[in-house]
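Okay, so here's the structure we're looking at.
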Amino acid sequence: MDRSFLSNQAVVIASRRFVCARLATYEDSEESKLLKSLVRTRSGELENSVFAILGPDGTTQLIRPGRSMRMAFQDAGAFATGLDQISGKYPGAKATGDLSLPVAANFSVGLTVAAADSLPLVVLPPDAPEAMVKALQLLAWSPALVGQLQYARLKNGKELEDVKKAPQELKDILVVVPDTFAQGGEVVASLKAGESEGWEKVLRGVVAGQRRQVKTMRDHIPEGKRQGVFYDPANAVTDPMELRARERNRPVKP
C-alpha cells in the first residue's frame with residue numbers, strides 16, 4: 001500500500017496541503033480510542049489499520065473512513081485528485097510559526113518505526129535544550145530532509161544498551177540505523193551540540209548513504225520467527241485476524 005499510494009509523487013505533492021497524522025494503533029490508548037470511533041468493524045473492536053480524512057475541526061468526516069485508502073480511492077491517481085479537490089474547499093490560513101518536531105512516543109517505538117520504514121532514527125538526548133530542538137525541527141521540515149528520517153527522544157542511557165557505538169555521555173544528537181527487526185542498531189553519526197550549522201550536511205550524508213531494505217511478508221515474518229523475534233505493543237491487540245496471525249508466527253520457546 002505504501003509503494004502504490006503513499007510513495008506516489010502526485011500524492012506526496014497533494015498531501016503537502018494537509019496535516020498528515022500517523023497514529024499508533026496499539027501504542028497509545030487515546031489514539032486507539034479515536035481510531036476505533038472512526039470505523040465500525042465486523043468484530044466491533046479496533047482492527048489493525050484505519051484511514052480517514054477529517055475536516056479542520058478534527059471531527060467532520062470528509063470521506064467515509066475505512067481500513068485503508070484503497071477502500072476510498074481506486075488508485076494513487078484517484079487519491080491525489082481527491083486530495084486536490086478536498087484541499088480546494090479548505091484553503092487554510094497562512095502558516096504561522098514553525099512546525100513541531102515529529103518525535104515518536106518513545107525511543108522503542110521510534111526504533112521500530114524506523115526499522116519498518118528502513119529510515120535512520122535521529123535521537124535527542126534526554127535533557128535536550130530548546131535551542132537544540134528548534135534547530136533540529138527546522139531541518140526536519142526542510143525540502144532536502146522532510147520524510148527522510150524518523151525522530152525520537154531518549155529518557156535515559158539504558159535505552160541504548162543494544163545500540164552499537166553509543167556514547168556514554170548523552171549530550172549530542174545521535175543518528176542510529178536500526179537493525180532489521182529493531183532489536184538494536186548502530187550509531188552512524190552525531191550532531192554536535194552547539195554546532196548546528198553543520199547538522200544538515202551530516203544528515204544529508206546519512207540519508208544519501210542509507211540503503212533502503214525492501215521487506216516482504218513472505219521473507220520478513222519467517223526470518224523473524226527463525227530469529228525468535230516477536231513484538232508486543234503497549235496495548236492489547238484487538239484485531240481478530242492479526243491475533244490469529246500473531247499466534248501462528250509466535251516463536252516457540254525452547
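Taking the range 179-212 as the range and being exposed (fewer than 13 other Cβ atoms within 10 Å of the Cβ) and either more than 19 Å from the chain's Cα centre (by Cα) or not charged (D, E, K, R) (or both) as the test, the residues that pass are 192, 194, 195, 197, 198, 201, 208, 209.
Has the range 155-172 got any residue that is among the aliphatic types (A, V, I, L, M) and farther than 24 Å from residue 105 by Cα? There is no residue in the range 155-172 that is among the aliphatic types (A, V, I, L, M) and farther than 24 Å from residue 105 by Cα. With respect to (1) assigned to a loop (DSSP other than H, G, I, E, B); (2) touching a helix residue (DSSP H, G or I) at 6+ places or on another chain (Cβ under 6 Å); (3) closer than 22 Å to residue 63 by Cα, the lone exception for residue 101 is condition (3). The set of residues in the range 34-75 being in contact (Cβ under 8 Å) with a residue 60 or more places away in the chain, buried (at least 16 other Cβ atoms within 10 Å of the Cβ) and touching a strand residue (DSSP E or B) at 6+ places or on another chain (Cβ under 8 Å) consists of 69 alone. Residue pairs whose Cβ atoms lie under 8 Å apart, sitting 6 or more positions apart in sequence or on different chains, and linking a residue in the range 77-102 that is at pLDDT below 85 to a partner that is part of a helix (DSSP H, G or I), are 98/134; 98/137; 98/138; 99/137; 99/140.
As a summary of the residue check, residue 73 satisfies the conditions (1) in contact with a Ser or Thr (Cβ under 9 Å, 6 or more places away or on another chain); (2) in a helix (DSSP H, G or I); (3) of a type in the set (A, V, I, L, M, F, W, C) except for the one numbered (2). If the condition is being touching a residue at least 24 places away in the same chain (Cβ under 8 Å) and out of contact with any Pro (no Cβ under 9 Å at 6 or more places or on another chain), then the range 169-200 contributes 179, 180, 181, 182, 183, 191, 196, 199, 200.
Looking at the range 120-132, which of the residues that are in a loop (DSSP other than H, G, I, E, B) and over 19 Å from residue 197 (Cα atoms) is nearest to the chain's Cα centre (by Cα)? It comes out as 120. Does residue 215 fit the bill of being touching an Asp or Glu at 6+ places or on another chain (Cβ under 9 Å) and either within 21 Å of residue 101 (Cα to Cα) or part of a loop (DSSP other than H, G, I, E, B) (or both)? No: the conditions fail for residue 215. Selection of the range 79-101 for residues being surrounded by fewer than 18 Cβ atoms within 10 Å (Cβ to Cβ), closer than 26 Å to residue 5 by Cβ and of a type outside the set (A, V, I, L, M) yields 81, 84, 85, 87, 88, 89, 90, 91, 92, 100. Tallying residues that are of a type outside the set (Ser, Thr, Tyr) and not in a loop (DSSP other than H, G, I, E, B) within the range 147-187 yields 18. Please determine whether any residue of the range 133-144 is part of a strand (DSSP E or B), in contact with an Asp or Glu (Cβ under 7 Å, 6 or more places away or on another chain) and either surrounded by 15 or more Cβ atoms within 10 Å (Cβ to Cβ) or modelled with pLDDT under 95 (or both). No: zero hits.
The values are calculated or read from the model by the stated rules, or taken from the named source; none is laboratory data. In this text, all values refer to a predicted model and were calculated from it rather than measured experimentally. Reconstructed Cβ throughout: ideal geometry from the backbone, glycine too, with neighbour counts over all protein chains shown.
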